[in-house]
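Structure first, commentary second.
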Amino acid sequence: MAIEVRIPTLLRPYTGGAKAVDGHGATLAELIADLDARHPGIGERLLDDRGLRRFINVYLNDEDVRFLGGVDTAVSDGDSVTILPAVAGGAG
Amino acid sequence: MRYESLIDSVGSTPLIGLPRLSPSPRVRLWAKLEDRNPTGSVKDRAALAMVRSAEEAGTLHRGMTLLEPTSGNTGISLAMVAKLRGYRLVVVMPENTSAERRELLTMWGAEIVSSPAAGGSNEAVRVAKSLAAEHPDWVMLYQYGNPANAGAHYATTGPEILADLPTITHFVAGLGTTGTLMGVGRFLREKVPGVAVVAAEPRYGELVYGLRNLDEGFVPELYDPAVLTTRYSVGPHDALRRTRQLLEQEGIFAGISTGAILHAALGVAAKAEQAGQRADIAFIVCDGGWKYLSTGAYSGTLDEAEDAIEGQLWA
């Protein structure tokens, strides 16, 4: 078992075009470090020195990790993590 | 109820119990029917408040032109207010929005500038900002950053909900401009200790997230995460399933964004039920389903409906 991570179009150049990749770790920070080891460069697109980048949203089983524990959020095998850029969506 | 004009009838919408969808008598769901506003959506509140605020500030006078980026409902609300108050309205709308929204805007007298489908409302905002720069005499109310948007919900939606449901424990609404959640959330947090403010954010098809680079990302200026308790991402399958469930079990014919909100509300309800806690959960019905009939959301199987709305801005 692993953690499934869904990758947005914008970051697929790092995953060889894959829409979803597997990763491991006990926290989101560890998971991102693992992703970066497998797909070099992706970590820097997700994080800056203050944590998640402003226009990056990460959801653990559909819940925004900023309201869980940020990069310290615990993750475990079987979880689903979705990365999306922050957009205006369909608002109004 | 009697009102002096249509504009005066904005708000004071009913709060409806959902006995069939509520998990138990201790954990209850309540739907705030914002489709009962004059143009059929929650956006009438923000549109009216933004126009009034600009009039009071002296920046908007009869005969002037309003400009707004909108995927539909705000444009329709502004078109109604603009017609009654004597303004011209230009809306910038992504081309991947439903046909009904375009027809309604045209009927109410708005002029439509289309923005590219890729990038969704991000592109509409960008195009509107460049039009505003070209036409300094036009007034862009800018729902994403106008405090009167959230202010309308702080002053009206929030107090209405609390008056009807003093035992409220959770408020759930859609996250777009963030105006509803910021306004109602702030009001409830001041009045109801421990109240949970829950955002349901629609998750669209890939086209909508098709930014060229991350610097083009967008967070509405109104957004303050400190007002929220949590935020859920809801995909089209769950949104459509709940939209149909609301109709089948409670008889409420709502738009697809309401399905996404109901999905988050039912998740919150299930958690409260499991924990053995009492809960009164109020959520927003943003609009009725009428404007989305042509999308195929209500016909065929769920999978067919999901395919049909792929790539569209369904909320």
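Please find, among B:Ala47, B:Ala99, the residue that is among the small types (Gly, Ala, Ser), in contact with a Ser or Thr (Cβ under 6 Å, 6 or more places away or on another chain) and surrounded by fewer than 18 Cβ atoms within 10 Å (Cβ to Cβ).
So the residue among B:Ala47, B:Ala99 that is among the small types (Gly, Ala, Ser), in contact with a Ser or Thr (Cβ under 6 Å, 6 or more places away or on another chain) and surrounded by fewer than 18 Cβ atoms within 10 Å (Cβ to Cβ) is B:Ala99.
Looking only at residues in the range B:158-203 that are under 18 Å from the mean Cα position of the chain (by Cα), in a loop (DSSP other than H, G, I, E, B) and among the β-branched types (Val, Ile, Thr), which one is nearest to the other protein chains (Cβ to nearest Cβ)?
Per the criteria, the residue is B:Thr177.
Does any residue in the range B:62-90 that is under 21 Å from B:Lys129 (Cβ atoms) come within less than 6 Å, Cβ to Cβ, of a residue that is surrounded by fewer than 20 Cβ atoms within 10 Å (Cβ to Cβ) and of a type in the set (Phe, Trp, Tyr) six or more places away or on a different chain, and which pairs are these?
As it stands, the answer is B:Thr65/B:Trp138; B:Leu67/B:Trp138; B:Ala79/B:Trp108, since those pairs meet every condition given.
Looking at this structure, is B:Asn122 within 14 Å of chain A (Cβ to nearest Cβ), under 26 Å from B:Glu216 (Cβ atoms) and assigned to a helix (DSSP H, G or I)?
The answer is yes for B:Asn122.
Only one residue in B:Gly158, B:Gly205, B:Gly210 is farther than 24 Å from B:Glu95 by Cα and not aliphatic (A, V, I, L, M). Which one?
B:Gly158
For the range B:182-192, check the following and say yes or no: at least one residue is in contact with a Pro (Cβ under 8 Å, 6 or more places away or on another chain), under 30 Å from B:Glu304 (Cβ atoms) and of a type in the set (A, V, I, L, M, F, W, C).
no
Here's the yes/no breakdown for (1) at positive phi; (2) surrounded by fewer than 23 Cβ atoms within 10 Å (Cβ to Cβ); (3) assigned to a loop (DSSP other than H, G, I, E, B):
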position: B:Asp8; (1), (2), (3): no, yes, no
position: B:Ser12; (1), (2), (3): yes, yes, yes
position: B:Leu78; (1), (2), (3): no, no, no
position: B:Thr106; (1), (2), (3): no, yes, no
position: B:Ser114; (1), (2), (3): no, yes, no
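For the range A:78-88, does any single residue satisfy the condition of being within 9 Å of chain B (Cβ to nearest Cβ), under 30 Å from B:Ser77 (Cα atoms) and either of a type in the set (Ser, Thr, Tyr) or free of Cβ contacts under 8 Å to residues at least 12 places away in the same chain (or both)?
Taking every residue of the range A:78-88 in turn, at least one turns out to be within 9 Å of chain B (Cβ to nearest Cβ), under 30 Å from B:Ser77 (Cα atoms) and either of a type in the set (Ser, Thr, Tyr) or free of Cβ contacts under 8 Å to residues at least 12 places away in the same chain (or both).
Counting only residues that are modelled with pLDDT of 90 or more and assigned to a loop (DSSP other than H, G, I, E, B), which one in the range B:283-297 is farthest from the other protein chains (Cβ to nearest Cβ)?
B:Gly289
Given the residues A:Arg38, A:Arg54, which is the only one that is over 10 Å from the mean Cα position of the chain (by Cα), charged (D, E, K, R) and within 14 Å of another protein chain (Cβ to nearest Cβ)?
Criteria check complete, one pass: A:Arg54.
Hey, B:Tyr209 hits all of (1) more than 24 Å from B:Phe171 (Cβ to Cβ); (2) touching an Asp or Glu at 6+ places or on another chain (Cβ under 7 Å) but one; which does it fall short on?
(2)
Does the range B:214-230 hold any residues that are at the interface with chain A (Cβ under 7 Å from one of its Cβ atoms), in contact with a strand residue (DSSP E or B) (Cβ under 7 Å, 6 or more places away or on another chain) and not in a loop (DSSP other than H, G, I, E, B), and which are they?
B:Leu214, B:Thr230
Select from the range B:112-149 the residues that are closer than 13 Å to B:Val91 by Cβ and among the aromatic types (Phe, Trp, Tyr) and list them in ascending order.
Result: B:Trp138, B:Tyr142.
State whether the residues of the range A:24-45 include one that is surrounded by fewer than 16 Cβ atoms within 10 Å (Cβ to Cβ), out of contact with any Pro (no Cβ under 9 Å at 6 or more places or on another chain) and under 20 Å from B:Phe218 (Cα atoms).
Within the range A:24-45, one or more residues are surrounded by fewer than 16 Cβ atoms within 10 Å (Cβ to Cβ), out of contact with any Pro (no Cβ under 9 Å at 6 or more places or on another chain) and under 20 Å from B:Phe218 (Cα atoms).
Can you pull out the residues in the range B:60-73 that are buried (at least 24 other Cβ atoms within 10 Å of the Cβ) and at pLDDT 95 or above?
Once the filter is applied, which keeps residues that are buried (at least 24 other Cβ atoms within 10 Å of the Cβ) and at pLDDT 95 or above, the range B:60-73 yields B:Leu66, B:Glu68.
The values are calculated or read from the model by the stated rules, or taken from the named source; none is laboratory data. Just so it is clear, the structure is predicted and the values come from calculations on it, not from any experiment. Glycine also receives a Cβ, built like all others from the backbone with ideal geometry; neighbour counts cover every protein chain displayed.
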